[in-house]
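Below: the structure, in structure tokens.
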Amino acid sequence: MTKGGAPLPAQIQLYTGARSRVIEGAYSLLGRGLTSESNTFAALEAAAAIAILGDGTTANPGLGSAKWQQLVADLLRSAAASARYDIVFAREARLLSVLDDLVQAALPAGWRFSSPRSFDGFLTRLNGARGAPATPSGYAPGVLNAVNSAAGALPSCSAGSAPRVVHTLVGASDEFETLPTSEAMQTAIAGSANGYRYQIAGTVPAGITKVRVYRTGFGASGAPYFWDQDVSVTSDSVYSAIAIQQPDSQLRSDLMPPSWMQCAVRPGAAALYALAFASAAGGSGGMALSPNGMISPGNVLLASANGFIGIGNPPQSALFGQSLLTGVGSSTYTPGAIAMVNNSATGLQGFAGAVGIRARVVSALNGTLTPTITINYCSAAGGWSVTESTAGLTPSTGFSTGAVGDTAIFTLPAGQIVQSLAETGVAGTASAGAWVYEAT
């Protein structure tokens with residue numbers, strides 16, 4: 001197989017995860033110089049500037065030397081602005097934008113993403129995420145028939161060692177790709193045969209522009225599958241037979257089929273990527289984000305509301321809801337609404353949802369407590385067009401102390417992306433306290 005240079009999902013996760021942890025660990029120490037901050041780097045620099053330059057009142061005249069203050073004013077303001085975490089990390093953001101270069105250089109001829117940024121489009125394709133065509137009814141693999149072809153280059157083989165073939169369907173542009181079919185039945189190549197014809201039954205669904213074929217090498221026991229070719233198709237037309245005939249050495253081992261949310265990134269990585277295409281916002285000292293430089297919400301998973309969730313995201317944008325005990329076994333639940341769209345003007349990052357849920361105490365409990373919730377989620381079975389629900393969930397790991405910050409964890413099946421929830425009951429001895437629901 002050839003390696004065309006496209007980043008692999010595991011490499012993306014390692015790289016973006018490592019960079020994300022840097023901003024997640026440093027942002028609260030650096031700060032943004034807001035009046036609500038204390039003892040952050042940015043706040044200390046801002047306070048130092050005010051102490052030296054004064055604030056225009058007689059109570060705080062500063063140095064009292066106009067010449068001295070004039071000499072250092074710009075330097076002090078620059079120091080305060082440069083101490084902001086968004087400014088600091090904007091200088092390092094090239095480490096994330098390099099992913100665009102890697103992806104763009106590796107795309108096969110003819111591939112075009114509608115996303116303004118190549119890396120974001122590539123993530124959408126890898127994740128089988130928002131915008132991918134709905135899986136058509138009866139979506140099944142094609143049938144392989146061994147044939148002889150002038151361009152055929154496949155060797156003879158038994159059925160057991162024959163390549164395993166799957167296909168996907170591509171929508172309006174190349175990032176909008178369905179999840180793959182199951183494997184076609186393995187078929188022997190014998191006699192004069194040196195290739196396959198792959199025949200898909202039925203007609204091409206509306207909105208589909210290509211069939212994308214993947215296969216394993218000879219003798220493989222199963223996945224991974226590697227990109228073999230794209231074939232253009234016309235909606236509502238009968239599928240033409242597809243020739244599969246290039247040898248293993250010509251397969252693209254860096255291009256594999258989508259897998260449901262296999263490569264979603266952390267909020268820190270999304271923030272660093274956005275900063276790579278941001279510009280200085282002028283007198284505020286901050287960074288203005290570009291709408292064309294943000295990761296699509298469907299490619300970003302939510303983090304806990306008390307951690308790093310984005311440059312302009314308030315804690316409320318990461319809360320599924322909050323609850324207040326009104327007595328033993330009685331509570332008032334107020335639903336929240338997680339951010340699910342980007343807003344570059346405010347720096348708000350949107351999210352696909354959460355892969356884990358926890359309750360976190362924000363006002364101490366005076367006894368034991370077990371909440372019960374209903375979650376609403378999307379999964380590979382229905383994609384983003386189908387919302388499923390599971391009721392009666394209780395924590396797998398409950399509150400231990402009831403102190404502020406104590407958590408209860410709800411364990412969810414892999415692949416469920418929770419987008420909203422409702423509390424349906426509480427049990428225990430506690431009669432006072434409050435908690436929020438957020439991502440783990």
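Values as computed for the structure displayed
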{"read-out": "Qualifying residues in the stretch 297-344 (those that are part of a loop (DSSP other than H, G, I, E, B) and among the polar types (S, T, N, Q)) - the one farthest from A434 (Cα to Cα)", "value": "S344"}
{"read-out": "Residue under evaluation S420, criteria (1) open to solvent by 30 Å² or more (accessible area, probe 1.4 Å); (2) over 28 Å from the mean Cα position of the chain (by Cα), criterion not met", "value": "(2)"}
{"read-out": "Residues satisfying the stated conditions in the stretch 105-118, i.e. touching a residue at least 12 places away in the same chain (Cβ under 8 Å), open to solvent by 70 Å² or more (accessible area, probe 1.4 Å), of a type outside the set (K, R) and not in a helix (DSSP H, G or I)", "value": "S114, P116"}
{"read-out": "Scan of the stretch 128-142 for residues that are among the hydrophobic types (A, V, I, L, M, F, W, C) and either surrounded by 18 or more Cβ atoms within 10 Å (Cβ to Cβ) or touching a His at 6+ places or on another chain (Cβ under 6 Å) (or both), ordered by number", "value": "A129, A132"}
{"read-out": "Residues located in the stretch 192-212, provided they are touching a residue at least 40 places away in the same chain (Cβ under 8 Å), within 22 Å of W111 (Cα to Cα) and surrounded by fewer than 18 Cβ atoms within 10 Å (Cβ to Cβ)", "value": "G207"}
{"read-out": "Test set (1) surrounded by fewer than 22 Cβ atoms within 10 Å (Cβ to Cβ); (2) among the hydrophobic types (A, V, I, L, M, F, W, C); (3) modelled with pLDDT under 95 - L289 fails condition number", "value": "(1)"}
{"read-out": "Residue check, A90 modelled with pLDDT under 90, under 29 Å from the mean Cα position of the chain (by Cα) and over 30 Å from T216 (Cα atoms)", "value": "yes"}
{"read-out": "Residues within the stretch 225-246 that are out of contact with any Lys or Arg (no Cβ under 8 Å at 6 or more places or on another chain), farther than 17 Å from V143 by Cα and surrounded by 15 or more Cβ atoms within 10 Å (Cβ to Cβ), tallied", "value": "1"}
{"read-out": "Set V361, V426, V404, V341: member being crowded, with 17+ Cβ neighbours inside 10 Å and either under 30 Å from A280 (Cβ atoms) or more than 29 Å from the chain's Cα centre (by Cα) (or both)", "value": "V426"}
{"read-out": "Within the stretch 407-417, tally of residues that are in contact with a strand residue (DSSP E or B) (Cβ under 6 Å, 6 or more places away or on another chain) and open to solvent by 40 Å² or more (accessible area, probe 1.4 Å)", "value": "1"}
{"read-out": "Which numbered condition R125 fails, given (1) of a type in the set (K, R); (2) in contact with a strand residue (DSSP E or B) (Cβ under 7 Å, 6 or more places away or on another chain); (3) surrounded by fewer than 18 Cβ atoms within 10 Å (Cβ to Cβ)", "value": "(3)"}
{"read-out": "Options A83, A47: the member that is hydrophobic (A, V, I, L, M, F, W, C), over 22 Å from the mean Cα position of the chain (by Cα), over 19 Å from Q11 (Cα atoms) and open to solvent by less than 30 Å² (accessible area, probe 1.4 Å)", "value": "A83"}
{"read-out": "Selected residue (only one of S385, S389 is open to solvent by 40 Å² or more (accessible area, probe 1.4 Å), more than 18 Å from the chain's Cα centre (by Cα) and within 26 Å of P267 (Cα to Cα))", "value": "S389"}
{"read-out": "Count - residues of the stretch 1-27 that are open to solvent by 60 Å² or more (accessible area, probe 1.4 Å) and without any contact (Cβ under 8 Å) to a residue 40 or more places away in the chain", "value": "3"}
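Matching residues to (1) surrounded by fewer than 16 Cβ atoms within 10 Å (Cβ to Cβ); (2) hydrophobic (A, V, I, L, M, F, W, C); (3) within 30 Å of V265 (Cβ to Cβ):
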| position | (1), (2), (3) |
| --- | --- |
| S36 | yes, no, yes |
| A42 | no, yes, yes |
| A51 | yes, yes, no |
| T57 | yes, no, no |
| G62 | no, no, no |
| S65 | yes, no, no |
| L95 | no, yes, yes |
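Residue-wise test of (1) hydroxyl-bearing (S, T, Y); (2) surrounded by 21 or more Cβ atoms within 10 Å (Cβ to Cβ); (3) more than 13 Å from F351 (Cβ to Cβ); (4) modelled with pLDDT under 95.
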position: P258; (1), (2), (3), (4): no, yes, yes, no
position: S279; (1), (2), (3), (4): yes, no, yes, yes
position: G285; (1), (2), (3), (4): no, no, yes, yes
position: L302; (1), (2), (3), (4): no, yes, no, no
position: I311; (1), (2), (3), (4): no, yes, yes, yes
position: G321; (1), (2), (3), (4): no, no, yes, no
position: T326; (1), (2), (3), (4): yes, no, yes, no
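The values are calculated or read from the model by the stated rules, or taken from the named source; none is laboratory data. Every value quoted in this text rests on a predicted model; they were computed, and no experiment measured them. Reconstructed Cβ throughout: ideal geometry from the backbone, glycine too, with neighbour counts over all protein chains shown. Ligands, DNA and RNA are excluded from the accessible area calculation, which covers all protein heavy atoms including side chains. Shrake-Rupley method; radii C 1.70, N 1.55, O 1.52, S 1.80 Å.
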